[in-house]
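The values are calculated or read from the model by the stated rules, or taken from the named source; none is laboratory data. Values in this document were obtained by computation on a predicted structure and should not be read as measured data. Note: ideal-geometry Cβ built from the backbone for every residue, glycine included; neighbour counts use all protein chains shown.
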Amino acid sequence: MRDFTYYTPTEVVFGRSAEDHVAELVKKYGGHRVLIHYGGGSVVRSGLLDKVCRQLEEAGVAFIKFGGVVPNPRLDLVREGIELCRKERIDMVLAVGGGSAMDSAKAIAYGVRYDGDVWDFFAGKAKATQALPVGVVVTNPATGSEMSDSCVITNEQEKDKRGYSSPFGRCRFAVSNPERTFTLPPYQTSAGIADIMMHTMERYFSNDMDMALTEHLAEALLRTLKENAYRVLADPADYVARAQVMWGGSLAHNGLTECGMERDWACHKMEHELSGMFDVTHGAGLTALWPTWARYVYKTNVERFVRFAVNVMGLPNNPEDPEGTALKGIEAMEQFYRDIRMPVTTTELLGRELTDTEIEELARRCSHDGAITVGKLRVLGREDMKAVYKLSR
Ligand code: NZQ
Ligand code: ZN
């Protein structure tokens, strides 16, 4: 079993009344002049933004509203936000929205406390030593950014999407009211669930086989998300089901389901190239790759895929035919993705086949010109990446 550090400093306030605590949390974590950062308008239409602003006004906290974050959040807006924060002497960034607003807020928070260009962190040229405090009001359970140490930004000029993780990327607080997720369109709901499950699957598909507690927590999380996916799609206002998804989203990516195990992350790395190049929804990019990835790597650790088939997908174990059981588990997951209307090939994702030239380029970027590999369960080099992208068509 591997040694590990479990660090989850985020205060999570969860439930129907969670939003009533925003001003109190802002003050508790030192916000006096706050940048409220949000997306393309869903929080305006829902009245959530107004509610947050009213609370801050009543509490005597100064704030500026700064919207316009798009899915796969852009570096240009981050740079604009950094300038604004400096000019207005902002001391906290409060994201109201989904993973894109949260990540954009985190990047702004890094940039304000750094003399160079914020992209340095994402390009691997600098390490953060500080950041402004960040709080979030979550509207899309998907990325787990509210509790994760990660932040993913797209450099639109280069069509380059890169993540940066550090302890300074952890939010001080997260406010999660499942009712706010009732308005999510079915596609975003499904993509979010796929992303949540994948955050735990990237950790579960490990060659470390002796950390039973982490493994069982991961299996429970995956089964719960799968069951509740059907419920929220049948009834978007099912509070209890939405709550399972929302809390699952936070736990799937806060480190709990990796303690003592090695993480894989191959699908995420390969997907980030897809959403960087084609601006597709991250969760849908993941489901378009996973079945191909799984069939490409399962022979490296058949037992791990058997456990997935039996303990997550609920299939009978056939000790005579472990490979058959493993493959049935992959098939069952693929069927689940179809059930929730997610693509299971890149052709379904893009509406056309990836060209050979695009595959070369995706693998070139993902492997940093052949300099790095991805994945741990099975290490994938540039040629493997090309093979997976090709087979995913
Ligand atoms: O922009 P608005 O108008 O708010 O609309 C959003 C957006 O169009 C809408 N939406 C959000 N909450 C809603 C809602 N619509 C109705 N009702 C609500 N309650 O949904 C659309 C998608 O929102 P977005 O924030 O882009 O989605 P998501 O939360 O999936 O975030 C995706 C981004 O996070 C990154 C992804 O790569 C992608 O860039 N990730 C971040 C991670 C992290 N920081 O730890 C980990 C992930 O693996 C992921 O890479
Ligand atoms: Zn993800």
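Only residues that are at positive phi and buried (at least 20 other Cβ atoms within 10 Å of the Cβ): list them for region 23-69, please. Talk me through it step by step, then tell me what you get.
First pass over region 23-69, keeping only residues at positive phi: 30, 41, 47, 60, 68.
The answer is none; no residue qualifies.
Against the conditions (1) in contact (Cβ under 8 Å) with a residue 60 or more places away in the chain; (2) closer than 15 Å to Glu11 by Cβ; (3) within 12 Å of ligand 1 (Cβ to nearest atom), Gly169 satisfies every one except (2).
Of all residues being touching a helix residue (DSSP H, G or I) at 6+ places or on another chain (Cβ under 6 Å) and in a helix (DSSP H, G or I) in region 252-264, which is nearest to ligand 1 (Cβ to nearest atom)? Just the residue, please. Across region 252-264, the extreme among qualifying residues is Ala252. Checking region 125-134 against the condition returns no match, with no residue being within 16 Å of ligand 2 (Cβ to nearest atom) and either assigned to a helix (DSSP H, G or I) or in contact with a Pro (Cβ under 9 Å, 6 or more places away or on another chain) (or both). Does region 191-199 contain at least one residue that is surrounded by 19 or more Cβ atoms within 10 Å (Cβ to Cβ), at pLDDT 95 or above and more than 12 Å from ligand 1 (Cβ to nearest atom)? No - not one qualifying residue is present in region 191-199. Could you tell me whether any residue of region 203-212 is within 15 Å of the chain's Cα centre (by Cα) and within 24 Å of Val310 (Cβ to Cβ)? Scanning region 203-212 turns up at least one residue that is within 15 Å of the chain's Cα centre (by Cα) and within 24 Å of Val310 (Cβ to Cβ). Restricting the first member to region 70-91 and to residues that are more than 19 Å from Cys171 (Cβ to Cβ) and in contact (Cβ under 8 Å) with a residue 40 or more places away in the chain, and the second to residues that are more than 16 Å from ligand 1 (Cβ to nearest atom) and not hydroxyl-bearing (Ser, Thr, Tyr), the beta-carbon pairs closer than 6 Å and six or more apart or on different chains are Glu88/Ile64; Arg89/Arg33.
Looking for something aromatic (Phe, Trp, Tyr) and out of contact with any Phe, Trp or Tyr (no Cβ under 8 Å at 6 or more places or on another chain) - is there at least one such residue anywhere in region 95-111?
no
Please state which one of Arg113, Arg180, Arg162 is touching a residue at least 40 places away in the same chain (Cβ under 8 Å), charged (D, E, K, R) and away from ligand 2 (no atom under 16 Å from the Cβ). Criteria check complete, one pass: Arg180. Scanning region 1-38 for residues that are within 21 Å of the chain's Cα centre (by Cα) and either assigned to a helix (DSSP H, G or I) or among the aromatic types (Phe, Trp, Tyr) (or both) gives Tyr6, Tyr7, Phe14, Tyr38.
Matching residues to (1) within 19 Å of Arg172 (Cβ to Cβ); (2) hydroxyl-bearing (Ser, Thr, Tyr); (3) within 16 Å of ligand 2 (Cβ to nearest atom):
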| site | (1), (2), (3) |
| --- | --- |
| Glu24 | yes, no, no |
| Ile36 | yes, no, no |
| Gly41 | no, no, no |
| Val44 | no, no, no |
| Val52 | yes, no, no |
| Asp103 | yes, no, yes |
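Just one of (1) closer than 20 Å to Gly283 by Cβ; (2) in contact with a strand residue (DSSP E or B) (Cβ under 8 Å, 6 or more places away or on another chain); (3) surrounded by fewer than 19 Cβ atoms within 10 Å (Cβ to Cβ) fails for Gly351. It is (2). Residues of region 235-276 being touching a residue at least 60 places away in the same chain (Cβ under 8 Å), within 22 Å of Leu184 (Cα to Cα) and small (Gly, Ala, Ser), which ones? Passing the criteria: Ala243, Gly248, Gly249, Ser250, Ala252, Ser275.
Which residue is surrounded by the most Cβ atoms within 10 Å (Cβ to Cβ), if the candidates are limited to region 282-305 and must be among the aliphatic types (A, V, I, L, M) and either over 17 Å from Glu334 (Cβ atoms) or within 16 Å of ligand 2 (Cβ to nearest atom) (or both)? Don't jump to the end; show me each part of the working.
First pass over region 282-305, keeping only residues among the aliphatic types (A, V, I, L, M): 284, 286, 288-289, 294, 297, 302.
Okay, now just the ones that are also either over 17 Å from Glu334 (Cβ atoms) or within 16 Å of ligand 2 (Cβ to nearest atom) (or both), so 284, 286, 288-289, 302.
Details: Ala284: 24, Leu286: 29, Ala288: 27, Leu289: 26, Val302: 15.
Among them, the one singled out is Leu286.
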